[in-house]
Amino acid sequence: MKEFNDVEKVIDETVQGAATMIAQEEGKNQNGKKLYLESYGCQMNFSDSEIVASILSENGFTTTRDSSSADVILMNTCSIRENAEQRVRNKLSQYQKRKKEKPSLVIGILGCMAERLKKDLLEQEKLVDLVAGPDAYRDLPKLIQEVESGQKAVNVLLSREETYADISPVRLGKGGIAAFISIMRGCDNMCSFCVVPFTRGRERSRDPKSIVQEAQELFDQGYREVTLLGQNVDSYKWNITKKGEIIDPSEPVVNFAQLMEMVAQVNPLLRIRFSTSHPKDMTDDVLHTMAKYENLCKYIHLPVQSGNTDVLKRMNRGYSREWYMNRIEAIKRIMPDCAISTDIIAGFCGETEEEHQDTLSLMKEVGYEFAYMFYYSERPKTLAERKFEDDIPLETKKRRLTEIQAVQAELSHAANSKMLGEKCTILVEGTSKRSDDEVFGRNSQNVVVIVPKNNLKPGDYADVIITDCTTATLRGELIQTEEA
Ligand code: SF4
């Protein structure tokens, strides 16, 4: 699943603001308790924090931006790499003083780290009172009460049904233009390096009607973009078992391509993105459906992880370099203007220099617009930890990662340079960080474009011509504006 470090900050700020606002407006019967909620890691965690904020505001909690005035502090955590967990432990230690000043303060750990470590976390981190896994958020009000009655509280039960489909998330994203919609939870793939199947459980898809309804509600609230979220959206399927048995004959069977079409038909002014795809499951149907609707954005995040088939085998990714390139060829054939990004792991167990070179050559062959690149971080209890030795020296991992990043910087710049003089339509999201006289938005290919403000405002679509570029962003001039 896509993850970026700067997300933490953004979530941190918005979670507090938005949830507080909601509670006061609806005049919910407050229990006078203040919640401070911060999140780490991927978009799915961000989306889960919106569920948590909703469940607790339903139970009378108001949220605060200021952790020092909080009665309850919840950290929604990530376990994808060792340093992600270390970041949480470091932040926890900052609450030591606060806990001394206010012994009744409740500190809770949510998310993947909670699920991975379970009650051991209470041993390891004495400050922690509450541990709740990704499928236990409905239980939070009761768990907080248990702590307030003097006990430690843990719920790390994983579910085969839970999708929180009936809970309307408290929207925490900035600007009120783009929002996440979680379409499924869990992952049945067992990539050997990954903790997600252990921390988020088995795959289960959400009722398509509730997804379409959420998209419609967001559009009616002024949102103009939704991102459909799942660990592996291509294996979304409703009303049919893994063995192909129809669950309820009175209901339609819905796969990912069909779900996308249903959401695309909500309104042509609502843009749709999705994350994350899986090369072994991505069908031509999905690609043809994307090509059919202008509001299905022409951008696919297709993690490759390695460019060498033997490494992919050790990673248990379920496809070869040839299969992956076949998917890339299909994307370029069906949607020539589709942008592609990926995830890459450098220095996986046993990776030879030749195998590393295969990753560099594949990157150049695909010509990625963007990539998330990390070196291998061994995770406890994963297949790789049990079967392989983490035998690539750290400096070799770092050197290979640097080479991968250098290739990607060239590819990103080349891709953006190709846009010079091109026309595209952006969805304005807000004022540029650098100048109040400029706004930023993204084109269908998910590239940020900065243009002069004119009288543009968030939610407007604007046709622009690209006049300049860097590795990460594009600059343009307005051709015409359309009121949303
Ligand atoms: S597809 Fe693989 S890498 Fe992605 S969440 Fe599932 S197990 Fe992890």
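The values are calculated or read from the model by the stated rules, or taken from the named source; none is laboratory data. Since we're looking at a predicted model, the values are computed, not measured. In this analysis, Cβ positions are derived from the backbone assuming ideal geometry, glycine residues included, and neighbour counts consider all displayed protein chains. Only protein heavy atoms, including side chains, enter the accessible area calculation; ligands, DNA and RNA are left aside. Shrake-Rupley method; radii C 1.70, N 1.55, O 1.52, S 1.80 Å.
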Residue 316 label point, 7 Å along Cα→Cβ, cut-off 17 Å on backbone N: hits in the stretch 217-239? 232
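Accessible area per residue, 1.4 Å probe, Å², for the stretch 137-284: what's the number?
On the way: 5960 Å² over 148 residues.
Dividing the accessible area of the stretch 137-284 by its residue count gives 40 Å².
With both bridge residues required to lie in the chain, what share of the DSSP beta bridges run antiparallel, to the nearest 5%? Could the numbers behind the result be given before it?
Values: 28 of 71 bridges.
So the antiparallel bridges amount to about 40 percent of the total.
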Virtual spin-label span in nm between residue 101 and residue 269, 7 Å along Cα→Cβ: 4.7
Would you kindly calculate the mean projected area, averaged across all directions, of the convex hull enclosing the Cα atoms of the chain, in square nanometres? 23.2
Between 63, 450, 252, whose Cα lies farthest towards the positive end of the dipole of the chain when Lys and Arg beta carbons carry +1 and Asp and Glu beta carbons carry -1, centred on the Cα centre? 63
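Assuming R0 = 45 Å, what is the FRET efficiency of residue 468 and residue 243, from their Cβ-Cβ distance, to the nearest 0.05?
On the way: r = 54 Å, r/R0 = 1.21.
Efficiency for this residue pair is about 0.25.
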State the percent of C-alpha pairs, over all pairs in the stretch 133-178, separated by a distance greater than 16 angstrom. 55
Which of the aspartates and glutamates could a cross-linker bridge to residue 102, judged by Cα under 13 Å and excluding same-chain residues fewer than eight apart? 71, 148
Roughly how far apart, in whole Å, are the Cα centres of the stretch 313-361 and the stretch 189-262? 25
Quick one: accessible area per residue over the stretch 44-132, 1.4 Å probe, rounded to a whole number of Å²? 36
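Taking a ≥ b ≥ c as the square roots of the eigenvalues of the Cα gyration tensor of the stretch 339-484, is the shape rounded (a/c under 1.5), prolate (a/b larger than b/c) or oblate? Write out the running numbers ahead of the final one.
Details: a/c = 3.37, a/b = 2.49, b/c = 1.35.
Prolate, because a/c is 1.5 or more and a/b exceeds b/c.
Hey, what does the equivalent ellipsoid look like for the stretch 178-417, semi-axes from the Cα gyration tensor as sqrt of 5 times each eigenvalue, largest first, whole Å? Don't skip to the end; give the middle numbers.
Values: eigenvalues 209, 97, 47 Å².
After diagonalising the Cα gyration tensor, the semi-axes are 32, 22, 15 Å.
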Counting other Cβ atoms within 10 Å of each Cβ, which GluC sites (Glu not before Pro) in the stretch 360-406 have at most 11 and sit in a DSSP loop? 389
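Specify whether the C-alpha gyration tensor of the stretch 155-258 places it in the rounded, prolate or oblate class, a ≥ b ≥ c being the square roots of the eigenvalues: rounded for a/c under 1.5, otherwise prolate if a/b is larger than b/c and oblate if not.
oblate
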Sum of -39500 (n - 2.57) over DSSP H runs of 4+, divided by residues of the chain (222 nm, nearest 500): -10500 deg cm²/dmol
At 25 °C and 0.890 mPa s, grab the translational diffusion coefficient of the stretch 10-155 from Stokes-Einstein with a Kirkwood Rh over Cα pairs, rounded to a whole number in µm² per second. 164
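Checking the table 243/364; 97/381; 418/453; 91/381 against a 28 Å threshold on Cα-Cα, which pairs fail?
243/364; 97/381
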Which one of 426, 479, 462 is farthest out on the positive end of the charge dipole of the stretch 423-482, using unit charges on Cβ (Lys, Arg +1; Asp, Glu -1) and the Cα centre as origin? 426
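How big is the charge dipole of the stretch 235-305 about its Cα centre, in debye rounded to the nearest 20, if each Lys and Arg gets +1 on its Cβ and each Asp and Glu gets -1 on its Cβ?
On the way: 8 positive and 8 negative charges, 57 e Å.
Dipole about the Cα centre, nearest 20: 280 debye.
Could you work out how much longer the chain between residue 413 and residue 160 gets when fully extended? Use 0.36 nm per residue separation minus the Cα distance between them, nm to one decimal. Mind showing how you got there, number by number?
Working: separation 253, 0.36 × 253 = 91.08 nm, distance 4.35 nm.
Result for the pair: 86.7 nm of gain on full extension.
Any chance you could tell me what percent of the C-alpha pair distances in the stretch 82-212 go past 21 Å? Intermediate values should be presented prior to the final figure.
On the way: 4361 of 8515 pairs.
Here the long-distance tail beyond 21 Å is 51 percent of all Cα pairs in the stretch 82-212.
Among the listed pairs 292/433; 423/457; 118/433; 242/313; 119/398, give every one whose C-alpha distance is greater than 30 Å.
Numbers: 292/433 35 Å; 423/457 20 Å; 118/433 40 Å; 242/313 23 Å; 119/398 34 Å.
The answer is 292/433; 118/433; 119/398.
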Go ahead and run the numbers for FRET between residue 365 and residue 438, Cβ-Cβ distance against an R0 of 41 Å, rounding to 0.05. 0.70
What's the magnitude of the charge dipole for the stretch 428-484 around its Cα centre, counting Lys and Arg as +1 and Asp and Glu as -1 at the beta-carbon? Answer in Debye, nearest 20. 240
Once residue 329 and residue 386 are pulled to full extension, the length gained, defined as 0.36 nm per residue separation minus their Cα-Cα distance, is 17.0 nm
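Quick one: dipole size for the chain, taken about the Cα centre, charges +1 on Lys/Arg Cβ and -1 on Asp/Glu Cβ, in debye to the nearest 20. Before the final figure, lay out the partial values.
Values: 64 positive and 75 negative charges, 208 e Å.
That gives the chain a dipole magnitude of about 1000 debye.
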Which of rounded, prolate, oblate describes the stretch 81-151, given a ≥ b ≥ c as roots of the alpha-carbon gyration tensor eigenvalues and a/c under 1.5 marking rounded, otherwise prolate only if a/b is larger than b/c? oblate
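At 0.36 nm per residue, and after removing the present C-alpha to C-alpha distance, how many nm does the segment from residue 65 to residue 221 gain when stretched out fully?
Values: separation 156, 0.36 × 156 = 56.16 nm, distance 2.41 nm.
Full extension from residue 65 to residue 221 adds 53.7 nm.
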Ignoring ligands, DNA and RNA, what accessible area per residue does the stretch 322-397 give at 1.4 Å, in Å²? 45
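D for the stretch 411-454, whole µm²/s, Stokes-Einstein with Kirkwood Rh over alpha-carbon pairs at 10 °C and 1.306 mPa s: what number?
Here the translational diffusion coefficient equals 143 µm²/s.
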Under 20 Å Cα-Cα from residue 237, which lysines qualify once same-chain neighbours fewer than 8 residues away are excluded? 209, 280
Here the convex hull volume per residue of the stretch 281-406, taken over Cα atoms and given in Å³, is 106
Give me the percent of the accessible area of the stretch 10-155 that comes from carbon and sulfur atoms, probe 1.4 Å, all protein chains in place. 50
With only alpha-carbon atoms in the gyration tensor, what are the semi-axes of the equivalent ellipsoid for the stretch 423-482, in Å, largest first? 14, 13, 10
